[in-house]
Amino acid sequence: MCSDTRVVIASIAAFVTLGGIFATIHGLLFNLPEVSRYGVATVLAGATCTATMLIPWGSHDES
């Protein structure tokens, strides 16, 4: 996968993580356990995707 594409996917995943943080806080403030659970799941998925996309995979030929 192209490096630029991976950066774009990581950026989108970072914003998804921010949305998950907002959902988690919203659920905790207004006592909505379902929203809190989905928010936490979104944070975990977004952070995992962000980290995975930014890790350099494979060997690079250094000339």
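The values are calculated or read from the model by the stated rules, or taken from the named source; none is laboratory data. Please read these numbers as outputs of a predicted model, since none were measured by experiment. Every residue, glycine as well, gets a Cβ built from its backbone with ideal geometry; the counts of neighbours run over all protein chains shown. Each accessible area value is taken on the protein alone, full model and side chains, heavy atoms only, with ligands, DNA and RNA left out. Shrake-Rupley method; radii C 1.70, N 1.55, O 1.52, S 1.80 Å.
At a 1.4 Å probe radius, carbon and sulfur cover how many percent of the accessible area of the chain?
71 percent
Just from the alpha-carbon atoms, what are the Rg and Dmax of the chain in angstroms?
Values for the chain (Cα only, Rg and Dmax): 15.5, 58 Å.
How far apart, in nanometres, would the label points at Phe22 and Leu54 be if each is projected 7 angstrom from Cα along the Cα-to-Cβ direction?
A separation of 2.1 nm, rounded to one decimal place.
Angle check, please: helix 33-54 long axis (alpha carbons) against the longest principal axis of the chain (alpha carbons), in degrees 0 to 90, nearest 10.
In the chain, helix 33-54 runs at an angle near 10 degrees to the longest axis.
Mind pulling the angle between the C-alpha long axis of helix 3-29 and the longest principal axis of the chain? Nearest 10 degrees, somewhere in 0 to 90.
Between helix and principal axis, roughly 10 degrees.
Counting only heavy atoms of protein chains, what accessible area per residue, in Å², does the chain have with a probe of 1.4 Å?
77 Å²
Calculated FRET efficiency, Asp4 and Ala41, Cβ-Cβ r, R0 30 Å, to nearest 0.05?
0.60
Mind telling me which of Ala51, Ala14, Ala23 comes out most flexible in a GNM of the chain, alpha-carbon contacts under 10 Å?
Comparing Ala51, Ala14, Ala23 in the GNM, the peak value goes to Ala51.
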